[in-house]
Amino acid sequence: MIKREFKVNFKSFVIWLAVLVVIFLVVYIIYPYIITDETMKSIDEMMTIFPEEILKAFNMDMTSISTAYGWFKSEGFTFILLIIGVYSSLLGTNILLKEEDDETIEYLSSLPIKRSKIVTSKVVSGISYIIIMILLFGLFNYISLLISGSFNQKEFFLLSLTPIFVSVPLFAISLFISSFFHNSKRVIGISLGFVFISYIINVLSELSDKVKFLKYFSIYSLANVRNVIETCSFNWLMVVISFVITALFILLTYVSFNKKEFD
């Protein structure tokens, strides 16, 4: 079952990884040509216009985009968290429901296979692909940044692993939501909406101390990127919360899927 799941989801994995690689490859190639002393001066002047809260929301108060690594830690990391988050959410949405979309669930149900085994194969395949994507993309960025210039390798290593703490819970939550539906088209919008709303809430929570409490309602607060940049370490409380959320929603998926009635 697990081998089958890896084979079925391989194509989408390659496409999403390729999208990430192409986006960042283009940036790494053109960055030395667009960031010159003259353009950097203009950018620095433009930065003074933006409120400190806006710069803080994108980590631009802590790092300069004068280097490719500086861009990676600020704007670049926004792309990473969003794209991998969307991939993880869609994977969680589709990995169970595609059996009903393809009308293969009745065949699987007729086999001497427990429903829990079906869920297990989906969970192992999905989480494995997410982690493999993050590791391979991290390797690509490491090689590219080595070519671009020097950078803090420990900080980079920790940042590269940080998307795991957001994307795996997003996968688990989307998996659980999908267990209540019979068609992936109906739930994709819900899953994507959750990703983007959660990200927006996290950005808003950084804009003012008055709305800082909003971070407790965003799955993206688990990434805690600013803490990694400031202390060069993980916030282990966020890591534990990420693990607990993932385990909880996977457990709930087992319960929900075992009770589910198929048309």
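The values are calculated or read from the model by the stated rules, or taken from the named source; none is laboratory data. Only a predicted model underlies this, so the values are computations on that prediction, with no experimental measurement involved. Neighbour counts are summed over all protein chains in view; Cβ atoms, including those assigned to glycine, are modelled from backbone coordinates with ideal geometry.
From the list ASN258, ASN224, which residue is on the phi > 0 side of the Ramachandran plot and out of contact with any His (no Cβ under 7 Å at 6 or more places or on another chain)?
Working: ASN258 fails: on the phi > 0 side of the Ramachandran plot.
ASN224 is the lone residue from the list that is on the phi > 0 side of the Ramachandran plot and out of contact with any His (no Cβ under 7 Å at 6 or more places or on another chain).
Taking segment 164-213 as the search range and keeping residues that are of a type outside the set (A, V, I, L, M, F, W, C) and touching a Gly at 6+ places or on another chain (Cβ under 6 Å), which one is surrounded by the most Cβ atoms within 10 Å (Cβ to Cβ)?
Keep residues of segment 164-213 that are of a type outside the set (A, V, I, L, M, F, W, C), which gives 167, 169, 174, 178-179, 182-186, 189, 191, 193, 198-199, 202, 205-206, 208-210, 212.
Checking which are touching a Gly at 6+ places or on another chain (Cβ under 6 Å) leaves us with 167, 174.
Values: SER167: 31, SER174: 29.
Only one residue tops the list, namely SER167.
Return the residue satisfying two criteria in turn: it lies in segment 46-73 and is over 17 Å from LEU158 (Cα atoms) and polar (S, T, N, Q), and of such residues it is modelled with the lowest pLDDT.
The residue in question is THR48.
Report every pair of residues separated by at least 6 positions or lying on different chains whose Cβ atoms are under 8 Å apart, first residue within segment 121-140 and surrounded by fewer than 17 Cβ atoms within 10 Å (Cβ to Cβ), second in a helix (DSSP H, G or I) and acidic (Asp, Glu).
VAL124/GLU5
Suppose we filter GLY76, GLY92 for residues that are part of a helix (DSSP H, G or I), more than 30 Å from LYS3 (Cα to Cα) and modelled with pLDDT under 95; which single one remains?
Within the list GLY76, GLY92, the selection yields GLY76.
Please list, ordered by first then second residue, the pairs with beta carbon atoms under 8 Å, 6 or more apart or interchain, first in segment 1-28 and surrounded by 12 or more Cβ atoms within 10 Å (Cβ to Cβ), second basic (Lys, Arg).
Listed by first residue and then by second, the contacts come to MET1/LYS117; GLU5/LYS122; VAL8/LYS98.
Which of the residues spanning segment 211-232 are touching a residue at least 40 places away in the same chain (Cβ under 8 Å), part of a helix (DSSP H, G or I) and of a type outside the set (Ser, Thr, Tyr)?
ILE219, LEU222, VAL225, ARG226, VAL228, ILE229, GLU230
Only residues that are in contact (Cβ under 8 Å) with a residue 40 or more places away in the chain and either in contact with a Gly (Cβ under 7 Å, 6 or more places away or on another chain) or in a helix (DSSP H, G or I) (or both): list them for segment 249-263, please.
Result: PHE249, ILE250, LEU252, THR253, TYR254, SER256, PHE257, ASN258.
Return the residues of segment 1-45 that are of a type in the set (Lys, Arg) and at pLDDT 70 or above; say none if nothing qualifies.
Residues of segment 1-45 that are of a type in the set (Lys, Arg), as a first pass: 3-4, 7, 11, 41.
Correct list: LYS3, ARG4, LYS7, LYS11.
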